[in-house]
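Engineer: First the structure, then my questions, so here it is.
The values are calculated or read from the model by the stated rules, or taken from the named source; none is laboratory data. As the structure is a prediction and not an experimental result, all values here were calculated from the model. Because the Cβ atoms are built from the backbone with ideal geometry, glycine has one as well, and the counts that use them run over all protein chains shown.
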Amino acid sequence: MTLDLASTEDAEPQLAALTDLSRRVRDLIDAVALTDVPEGELAAAAAEVAALTERLNAVRRDSPRSFEIGPDGAPRNLGNAVTGSANPHALPLVAEVTPERTVRAELSFRPAHEGPPGTVHGGVSAMILDHLLGHATAVAGFPGMTGTLTLRYRRRVPYGEPLVATAEYVRSEGRKHWSEGRIALPDGTVLVEASGLFIAPSWWSGQGPGPESAGEAG
Ligand SMILES: CCCCCCCCCCCCCCCC(=O)SCCNC(=O)CCNC(=O)[C@H](O)C(C)(C)COP(=O)(O)OP(=O)(O)OC[C@H]1O[C@@H](n2cnc3c(N)ncnc32)[C@H](O)[C@@H]1OP(=O)(O)O
């Protein structure tokens, strides 16, 4: 069975409950990553999780919640892998747009993001920067799809510590738009820096074959 929620205030209590569930599942993910309880406890927990999965699957949507306008009139993407409060995979990242039209987010990675020991996986940092650079490009007036993302990992990124990520639009050439960004310690020490090229796809303006021909992106 498929559930298709309209973007109405009627849906808000369910979304609030879903956001709370997602938050608790994030805690569960970290608990699984760090637990050292005996085998019997793990097996019992696995059975409980399997039962919960079956319970939630009783009513399924075709896809996670996508862009919509919330009751406050602001756009939101509750199912997004980076910002979605209703997606347990998301941090979720909360980004603010500064008066200078740059984008800024305070964040803290979790143990489940570990790559090398005690260090956040480089791909996780890349995901955050991809999103933030895309956001900066969009607020400059040039929404697009990531064409190229280049990263320089300067220092290891810790988890469980406060960090600051920022991004700003840099320049454009036709449909191609560039932004830059970084993840830093609160004192400004840069850990990872990124440059991204975002392209307004030809199929947005009716040119080109469209995403169906090569698999839906986004
Ligand atoms: C008011 C606002 C509020 C906002 C509030 C909400 C904020 C919300 C924030 C969301 C932020 C999301 C940030 C994450 C964004 C993703 O994660 S997007 C997902 C990852 N990216 C993808 O899946 C993209 C997949 N690729 C594609 O769809 C297509 O290849 C592309 C990239 C759209 C390009 O297709 P196309 O338009 O057909 O491009 P095409 O006409 O062939 O080429 C155009 C030009 O680009 C160049 N080009 C094409 N592809 C590439 C490439 N990959 N690399 C370099 N150059 C390329 C070509 O050489 C050509 O250059 P010129 O000859 O013009 O100099």
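Engineer: Could you tell me whether any residue of the stretch 158-174 is touching a Phe, Trp or Tyr at 6+ places or on another chain (Cβ under 8 Å), within 9 Å of the ligand (Cβ to nearest atom) and touching a residue at least 24 places away in the same chain (Cβ under 8 Å)?
Structural biologist: no
Engineer: Further, regarding this structure: Which numbered condition in (1) assigned to a strand (DSSP E or B); (2) modelled with pLDDT of 95 or more is the only one that PRO88 fails?
Structural biologist: Evaluating PRO88 over (1) assigned to a strand (DSSP E or B); (2) modelled with pLDDT of 95 or more leaves (1) as the failure.
Engineer: Looking at the stretch 27-39, is at least one residue within 16 Å of the ligand (Cβ to nearest atom) and touching a strand residue (DSSP E or B) at 6+ places or on another chain (Cβ under 8 Å)?
Structural biologist: If we filter the stretch 27-39 for residues that are within 16 Å of the ligand (Cβ to nearest atom), which is where we start, we get none.
No.
Engineer: Let me ask another. Do we have ALA165 as within 18 Å of the chain's Cα centre (by Cα), surrounded by 16 or more Cβ atoms within 10 Å (Cβ to Cβ) and at pLDDT 95 or above here? Can you show your working first?
Structural biologist: On the way: within 18 Å of the chain's Cα centre (by Cα): yes; surrounded by 16 or more Cβ atoms within 10 Å (Cβ to Cβ): yes; at pLDDT 95 or above: yes.
The answer is yes for ALA165.
Engineer: Which residues, taken from the stretch 117-129, are away from the ligand (no atom under 15 Å from the Cβ) and either closer than 23 Å to VAL170 by Cα or in contact with a Lys or Arg (Cβ under 7 Å, 6 or more places away or on another chain) (or both)?
Structural biologist: Listed by number, the list holds a single entry, THR119.
Engineer: Taking the criterion of being assigned to a loop (DSSP other than H, G, I, E, B) and either outside the structural domain of LEU132 (by TED's automatic domain parsing) or not charged (D, E, K, R) (or both), would at least one residue in the stretch 21-35 satisfy it?
Structural biologist: Within the stretch 21-35, one or more residues are assigned to a loop (DSSP other than H, G, I, E, B) and either outside the structural domain of LEU132 (by TED's automatic domain parsing) or not charged (D, E, K, R) (or both).
Engineer: So is GLY84 within 14 Å of the ligand (Cβ to nearest atom), of a type outside the set (A, V, I, L, M) and on the phi > 0 side of the Ramachandran plot or not?
Structural biologist: No.
Engineer: Go through (1) in contact (Cβ under 8 Å) with a residue 24 or more places away in the chain; (2) closer than 23 Å to ILE199 by Cα one by one and return the number of the condition ARG76 breaks.
Structural biologist: (1)
Engineer: Out of the stretch 51-75, which residues are in a strand (DSSP E or B), acidic (Asp, Glu) and either modelled with pLDDT of 95 or more or loosely packed, with under 10 Cβ neighbours inside 10 Å (or both)?
Structural biologist: Correct list: empty.
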